[in-house]
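The values are calculated or read from the model by the stated rules, or taken from the named source; none is laboratory data. Note that the structure is predicted; figures quoted are calculated from it, not measured. We place every Cβ from the backbone using ideal geometry, glycine too, and count neighbours over all the protein chains shown.
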Amino acid sequence: MPKPESFPIEKIFVPTKQKKAINLATVGEIAESILEIGQQAPISVRLDGDRLVLVEGLHRLEACKALGEATILAVVVTAELAEHKPLLAERPEVEAERLKMARLKQLRLEKEAAEAATAGLKGAGGTEAPRFRPTKGVRDKPQASAGRTVKSKPKSLSDWITQQKGSGGRY
């Protein structure tokens with residue numbers, strides 16, 4: 001197996017077909033992992049003239065881009081090996097990366113659940129500030145003039161008559 005080397009991220013071409021397969025949640029998880037322990041598994045690229053073409057590792061590449069990295073660890077594979085990409089996925093280090101990502105996802109979900117439970121306990125314990133609702137009839141905008149209020153529309157004829165009597169109007 002070829003030795004991983006560091007390549008400039010900007011020099012790696014990603015085929016359009018692969019770009020459509022990006023899962024932003026996966027990119028985020030891998031970025032978190034790279035921040036914590038660094039890039040463990042290199043991506044696979046192949047030479048195409050004077051450029052490098054991504055064979056495998058789209059999410060790792062996008063995670064490194066998101067983190068602002070200038071370079072990424074990659075293994076240059078032959079065109080024949082690139083055609084048999086499913087064989088690359090069967091490598092032990094690729095499977096180890098998948099298992100690591102599954103563990104990180106599980107830990108993140110457990111942490112979020114614990115935070116949600118803690119937040120729920122705080123809400124039940126009355127530590128949150130009570131919500132303020134003004135008393136009915138109290139104006140929200142005291143600067144509005146008292147004579148410019150709009151009366152509510154009466155729901156029935158008797159309500160309308162009552163409203164007219166209260167305002168001194170004739171019916």
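Miscellaneous remarks
- In the set (1) part of a helix (DSSP H, G or I); (2) of a type outside the set (Lys, Arg); (3) modelled with pLDDT under 90, Ile30 fails one condition alone, (3).
- If you go through the stretch 13-52 and pick out every residue that is touching a residue at least 12 places away in the same chain (Cβ under 8 Å) and either over 15 Å from Leu67 (Cβ atoms) or basic (Lys, Arg) (or both), you end up with 17.
- On inspection, Ala119 does not qualify as modelled with pLDDT of 90 or more and within 24 Å of the chain's Cα centre (by Cα).
- Some residue of the stretch 32-42 being more than 27 Å from Lys111 (Cα to Cα) and surrounded by 12 or more Cβ atoms within 10 Å (Cβ to Cβ): yes
- Out of Ile22, Ile72, one residue alone is at pLDDT 90 or above and either surrounded by 12 or more Cβ atoms within 10 Å (Cβ to Cβ) or not in a helix (DSSP H, G or I) (or both). It is Ile72.
- Cross-chain or 6+ apart pairs with Cβ under 6 Å, the stretch 1-12 first and at pLDDT below 90, then in a loop (DSSP other than H, G, I, E, B): Pro4/Pro42
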